[in-house]
Structure formats: structure tokens, C-alpha cells
Amino acid sequence: MLKLKFYSKSVVRSYLCFVIDDFSEQLQSQLKSLPETPGVYQFFDGDEILLYVGKAKSLKKRVSSYFSKEHDNGRLRLMVKKIVSIKTIKVETELDALLLENNLIKNLKPKYNINLRDDKTYPWIIIKNEQFPRIFHTRQKRKDNSEYFGPYANVKVMFSILDVIRQNYKLRTCSLDLSPEQIEKKKYRPCLEFHIGKCKAPCIGNQSMTEYDEQIMEVRRLLKGDVGSTIKELRASMYSAAEELNFEKAEEYKVKLLALDSYQAKSTIVHPSIDNTDVLNIISDDKNAYINYFKVKNGTIVNSQTLELKKKLDETDEELLLFAIIEFRNRYNSESKEIILPFELEIKLEGINYYVPKIGDKKHLLDLCYKNAMMYKQELEAQQAILDPEKHTERLMNQMMKDLRLTEQPRRIEGFDNSNIQGNYAVSAMPVFINGKPAKSEYRHFNVKTVEGPNDFATMEEVIYRRYSRVLDENLPMPQLIVIDGGKGQLGAACESLKKLGLMGKVAVIGIAKRLEEIYFPDDSLPLYLDKRSETLKVIQQIRDEAHRFGITHHRNKRSRETFKTELNSIKGISDKTAEKLLLTFKSVKGVKEAAEKEIISAIGLAKAKLVIQYFKDNSNS
């Protein structure tokens, strides 16, 4: 287990200090005296407020880098301008620097370091340090020599473990002082727990400390995740009791075995050979990182928790993952010799092996860890969308702008998809998304006019030209992004129309191909592959699917109207709808011809009935 040595604020500030009176002139000369050794550095402003804590393999190189180059990150540039004093702590190894950095960040909470957003007090299961120890849950971890197991991020899991313990082990729940002296005084009486068979009443001497401690040992193994050995011992005890013809005792062991087998079956999701292993995976964006942790014993996940880290200075995934490893291992008192990770880390932890699986059960476990982090992230975003929809929209728009290389937020997106059958009944659909959500009142469809035959490229070119010539003529809202359903061919056709209208380069346009969900950009032969779970891709897919749905619906309606045409449709003044009504009423054209005048008037009204009746009179001899 990694141990952290804690430093008080006063001790930290007693180390080597460089006061920078003139930032531009004196800083370089003072930086020259920094050692080439591993260590931790701290930046302070003019009011001695701690700005940042960092670790370094070489203090000289790392600290000097802040002042010797221009930084892209605005917050980093601002922090460097505020630095007035630098304090350093030399250590023996890079690992020592990592541990100390983690310690100082958590205790001193510098302004520009990652922020551990862990405001929940997760519960623990405690084996109380007392005679005839009680086992219960608590949110307060005290230094009282009691044993604490957890913390449990999933409270349901914790209570299910406590239920297994209470169903199978007759342990006391009272808070009486059960020292030998008090028991000998016979001042207690057994409570209801004894009478319903949940406790053996050690308060009146009915149970020895040795027998009670045997139960505590079994529970301790269970809480450490060692369910297998507990089951093995219970099975041996059950057979032994049966051989001794103590069937009542054997039945007790059997009930415990069934309960533990059921608990283990629900908990085991990987191969039992994976034992005493830590698993971590990370999801990160511009502002936050979400790191999920599994503690695995005998193929069973005995602990799981997700940390949310708020970025301050464009920290890398490796830096964030290292911070989380130290945090989780100390939080869960982990002594695992193997850590499963999504990628290798440069800094090695002494006596610990990193493992980056590509296939098999360990890869499955790593993927599950990723899914937990993703679920945690999505739950937070869903809560944010409800509580603060404006902030959620702003975040989504910024993410899409970054992912799709846009110069402005895609507040209005218009998508296009074509539908036809061998070139017949060709139509195109245009869904509209505003702030990442469908704006159905803005949807439009187009009946293709100039294209003959199945020419998807020409169809796209016509529709794009018609749409945006109208947008320009009528001064309609121009989208920030156009999404074309199709690959390079359809995208190229759309770009031709935009060029004719002088809009190429003024509005962003992309194509999305169905097979691999690749994103194509104009004049770029290589597609962009977004993470299948990214919000940006989900919005683009939703636009594409809406275009397809809306287009198919319009295409089907048009095809139905066209194929339903009869002799009635050729009567001047009779619409498709009226013709359909006549056919539904009289079943056929012959039925309409033979119907009485009053019946036709009743079906479609006097004016239209006269047109129909006159038509059949004029064509009665033909």
C-alpha cells in the first residue's frame, strides 16, 4: 500500500523560496539556481496565495518551461503573469514527487490545480473495535482502531452486503458495554433480537468470545471480497457437521452457503482468476475528466467509484490518471500489485505492474470501467440539462464546434436526404435542429423537378440550390452547419450549388456516410471518425435519421397518390382527395358511373357532383 507523508502548510513554506521582485529581469537569474533533481514546485502570487502545485523529474527544466515559451492556454498565461514567488521541495524520486504533489493538492487546494469534485460523504462498513464487535454502516471514519471497509459509492451494494451478513451471522446490534466484568454482574437481559433468533445473547454469557470472533473472521473475509475461501470453509464445516450427525448445525451452514453463492453469482462479472487487481479508465473533455475505479477480488468487483476532476490548465489524461490512482489506492487501502489501465504511464509505482489489455476478460473489465465512467458523465449532463438547460446547450455547442472544426457554434443545423425508387417519385427532406434539438415546424420537403432517373448527386445539387437561393432571396435564417446524408459524392454535389450561390466557405457543410459513420469535409479526402459515444456524433446521427424518416414519409405519400390515380383524376376540377372519396364510397369507377345523382351529391357536394356527372355524360359513347 502506498503511504503518504503529510506536510503542514507552515512546513511547506519553510523550504527554498525565490522572491521575484522584478518579474521580467530577476526571474531568469533565479531560475538558474534551481536543481536538476526531482521535486515539487509551488507558485504564489503577491499576496502569498498559492496558485499552483506541480511535480517534476527535473525542477530546473520544468519550472523554467513556464517562463521560456508562449502558452496557448489562456488560464496558463494568466497564472504565469501572477507568479511572484516560487517554492520548491526536493525529493529522491519522481514517484516521491507524485505522492507529495497529490498530498499538497488535496490539502492546500491551489487555485489553478485540478479540482476533485467529490462532495459526497460515501458510507463505510465498520467492524467496531470493542468486545463482541458490532458491524454496521457509518459515514464518519474515525481513528478509533476500528476496521473500515469501503467507501461504497453504490449504497444499494453496501446494504445488500449488510443483509447477507445479518441473515447468516448472529451478531449483536446493541451498544451495550460487553466487557467480561459487566457480563459477570448479570445486569443485562436479552432483547428481542435474541428471541427472534438473530443474536445469541453474549450479554448474558450465552456465547463465548471465541465463537463470536470466528463469525467476525468470516465476515472480515467477506468484506475484503474473499467470498471464495469463506464458501470453501463453510462447505467443509457443513460436511463435518453432517458426518457428526449434527444435522441442525449442517443446515445452518447450508443456508449460509446458499446465500453466499447467490451473492457471489450477482457480483462476479469476470474470470475468477483476476484477483487483487485495481482497474481504472478515464473519459475527459475540455473542462472535466471522469475516472472510474474497480477493486477486483477473486473475479468480483468489491468496490466501484467514479471521480469527477475539474481541469484548470489543460492537464493530460496521464496526469489525471496518476492523480486518481494515488487517490483511490489510499482511499480504499489497496495493496494490489497489478493495475489495469487504458494506456501505459511513464511514472512507475514501486512494486506495481501496469497492464493494458487488448482482448479477453481484462479488456472486458476495462470496457466495463469505461461504461461506468460514461454513465456517470451522462447522468450529470442529464441533470444539468434539467437544472440549467442554457449551460447544457452552451457546452454541447462548444463541443460540436470543436469536434467538427467549426468557426462558430452550430446553433442552427439543416440536414438533407434524398428518396426515390429507380428515379421515380424523387423527393428530398430537410430537418432543422436548433440548439441541438429538432425544430419540426421548420422542416421542409422538396419535390425534385429537373432530374430524371436515379441520379442522387444531381438531386442533391438541385435541392441545395433551391433551398439556399430562397434563403438569400427571402433573407431567411442561414444555418451555421449543413449536414448531407452521404459520402464524398453527395457532399461534392452540395458544394457545387453553394459555390454557384457564393456561399462556399461562408457556411460549414459536412457529409455523413452510413457504413462506418465517417464524417467528410469539403476538399478533404480523409474522413473524420468521431467516438461512437460522442454527443456530437449522436446529434449528427439524429439529424441524418430525421432526414431519412421525414423523406421516406413524404416519398411514400407521393408514391401513394401517384399510383392511386384513376379515370376520376383526369376530371377537371376533381382533386385527388375527392377522387379517393368517390372510390371509397362507390368502390370503383364503374360504381360511380352507375350511382344515382343524389348519391354522388351526398358524397361530394353539388358543385363537384355536376362535374363528375357531366364528365360521364360527355364520355358515355367513348
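All of the numbers you see were taken from the coordinates with simple rules; none came from a lab. Keep in mind it's a predicted model, so treat the numbers as computed, not measured. Backbone-built Cβ (ideal geometry, glycine too); neighbour counts: all protein chains shown.
At-a-glance table
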quantity	calculated
Environment charge at PRO477 (Cβ cut-off 15 Å; Lys +1, Arg +1, Asp -1, Glu -1)	+1
5 angstrom amide H check on LEU171, placed H, neighbours 5+ away	none
More than 46 Å apart - percent of Cα-Cα pairs taken over the chain	47
Contact order relative to length of segment 317-415, as percent, for alpha carbon pairs under 8 angstrom and 6 or more apart	13
Angle between the chain longest axis and helix 535-563 axis [Cα atoms, degrees, rounded to 10]	30
Inter-label distance for GLU350 and SER64, nm, one decimal - labels placed 7 Å from Cα along Cα-to-Cβ	2.9
Segment 372-445: relative contact order in percent, alpha carbon pairs under 8 Å with at least 6 residues between	20
Extension gain from GLU599 to LYS499, taking 0.36 nm per residue of separation minus the Cα-Cα distance	30.2 nm
Helix 94-108 axis, angle to the chain major axis (alpha carbon atoms, nearest 10°)	80
Dipole magnitude of the chain about its Cα centre (Cβ charges: Lys, Arg +1; Asp, Glu -1), debye to nearest 20	1340
Relative contact order (percent, whole number), the chain, Cα cutoff 8 Å, 6+ residue spacing	8
Label-zone membership for segment 203-226, site LYS186, 7 angstrom Cα→C-beta point, backbone N under 20 Å	203-209
Under 15 Å, Cβ to Cβ, from LEU501 - net charge with Lys/Arg +1 and Asp/Glu -1	0
Magnitude of the charge dipole, segment 135-263, Cβ model with Lys/Arg +1 and Asp/Glu -1, debye to 20	640
Cβ charges +1 (Lys, Arg) and -1 (Asp, Glu), total dipole of segment 121-193, debye	160
Virtual spin-label span in nm between ALA382 and GLU517, 7 Å along Cα→Cβ	1.8
Protection-proxy order for peptides 64-72, 98-106, each taking the mean of Cβ atoms within 10 Å per residue, highest first	98-106, 64-72
Neighbourhood net charge (10 Å Cβ-Cβ; Lys/Arg +1, Asp/Glu -1) for GLY573	+3
Segment ASP367-LYS156, length gained on full extension (0.36 nm per residue, minus Cα span)	73.7 nm
Fully extended contour minus Cα-Cα distance, from ASN129 to ASP47, at 0.36 nm per residue	24.9 nm
Folded to 0 to 90 degrees: helix 155-168 orientation relative to the chain principal axis, Cα	50
